[in-house]
1. Filter the trypsin sites (Lys or Arg not before Pro) in segment A:4-76 down to the DSSP loop ones having no more than 11 other Cβ atoms within 10 Å, then list what survives.
2. Once you order the gyration tensor axes a ≥ b ≥ c over the Cα atoms, which shape class does segment A:1-114 get: rounded for a/c under 1.5, otherwise prolate or oblate by comparing a/b with b/c?
3. Give a quick list of chymotrypsin sites (Phe, Trp or Tyr not before Pro) in segment B:1-105 that DSSP marks as loop, anything other than H, G, I, E or B, with at most 15 other Cβ atoms within 10 Å.
4. Could you pull out the GluC sites (Glu not before Pro) across segment B:21-105 that fall in loop regions by DSSP (anything but H, G, I, E, B) with no more than 16 other Cβ atoms inside 10 Å?
5. Between B:ASP42 and B:GLN99, take the C-beta separation as r, use R0 = 41 Å, and let me know the FRET efficiency to the nearest 0.05.
6. Of B:MET6, B:TYR39, B:MET58, which is farthest on the positive side of the dipole of segment B:3-71, counting Cα position, with +1 on Lys and Arg Cβ, -1 on Asp and Glu Cβ, and the Cα centre as origin?
7. Relative contact order, percent, of segment A:1-87 when contacts are C-alpha pairs under 8 Å separated by at least 6 residues?
8. When you look at the Cβ of every residue in B:89-96, what mean number of other chain Cβ atoms sits within 10 Å?
Protein chains: 2
Amino acid sequence: MKIGEMAKKTGCKVVTIRYYEKEGLLEKPGRTEGNYRLYGQDDQERLEFILHCRKHGMQLAEIRKLLAFRDRPQRDCTWITELIDAHIGNVDGQIAALQHLKKHLEELRQRCAGGRNGDNCGIMQSLDSLNACCASCARCAPDAGRE
Amino acid sequence: MKIGEMAKKTGCKVVTIRYYEKEGLLEKPGRTEGNYRLYGQDDQERLEFILHCRKHGMQLAEIRKLLAFRDRPQRDCTWITELIDAHIGNVDGQIAALQHLKKHLEELRQRCAGGRNGDNCGIMQSLDSLNACCASCARCAPDAGRE
DNA sequence: AGTAATGTCTATAGTAGCTGGAGAATCAAG
DNA sequence: CTTGATTCTCCAGCTACTATAGACATTACT
């Protein structure tokens, strides 16, 4: 199949397929007489593997490792478990950071009930001083005592 | 003060300060005879405003708008509330996506109890087929029926 | 057979928000 | 006077793509 067909089958954009090839995640495929890329079932499966990993938020570097393993599986695959665990920890951290951020944003939001004048907009004042919000928050301002 | 001192006071890296200047968020400061940047209290406060906004996950483009307003406050600041609201919605979406991702990762993690052989590593198999995990999940594979 | 529309090719540059390095100049301390 | 720290400018790189331009190939329709 040509690149467009594989793109349609996998839901991946044509440019992204070419990008993955350039990055060495996909092998250089054969070509038609007219220099069009020609893919087979294997290529499609490899691409789907990549897309599944991406769906799980993995980085291309991680996927590269997994692909190498996939190409030549070895006895020990505990590192994969570790990789996934590290990845989960990563995601956990991101969630925590975002939830914390949301709390601050909601506090900030409270400071403006809407329709205020610009001169004494509570939001702007908060962003200026940050004292009501972050100064007292160890996570945001571990060095708050200095200010 | 010179750039290094302001960096230390604000916890912002020197290169980042120069970057903000290049991006027009900070004004071009005066210079010493030896061409070193010289900052005052105003500059520090402006930088802190920027850093506070960044801490709230705002993009530089948004901060640019807020800075323009800060420079010349107008009657109506309802758009700021809207901006914050949109921002909160954004953060909410990110959290939801990450929590969903985490669920999948944990399912994936279950497939390998550790110490398995590479040939039949459950994680790799899942990433290959994705059938146990995502195919049945409307959020991940809205087109799952096609496969 | 001609033509128009679509698909594909390569190459390059841009996105966000910085980070890092090279090589030169300046400055403070001993 | 020398050493080391700081600063300067400029340019390249990071992630994972996306967008654009200009040319060639293929397909569909008349």
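Rule-based calculations on the coordinates, nothing more; no lab input. On a predicted model such as this, the values are computed, not experimentally measured, just so you know. Backbone-built Cβ (ideal geometry, glycine too); neighbour counts: all protein chains shown.
1. On the way: sites: A:LYS8, A:LYS9, A:LYS13, A:ARG18, A:LYS22, A:ARG31, A:ARG37, A:ARG46, A:ARG54, A:LYS55, A:ARG64, A:LYS65, A:ARG70, A:ARG75; in loops: A:LYS13, A:ARG75.
Passing both the DSSP loop test and the Cβ count: A:LYS13, A:ARG75.
2. Because a/c hits 1.5 or more and a/b fails to exceed b/c, segment A:1-114 counts as oblate.
3. On the way: sites: B:TYR19, B:TYR20, B:TYR36, B:TYR39, B:PHE49, B:PHE69, B:TRP79; in loops: B:TYR36, B:TYR39.
Within segment B:1-105, the qualifying chymotrypsin sites (Phe, Trp or Tyr not before Pro) (loop, at most 15 other Cβ atoms within 10 Å) are B:TYR36.
4. Answer in residue order: B:GLU23, B:GLU27, B:GLU33.
5. Given R0 = 41 Å and the Cβ-Cβ separation, E is 0.45.
6. The listed residue farthest towards the positive side: B:MET58.
7. 24 percent
8. Mean number of neighbouring Cβ atoms from other chains: 4.
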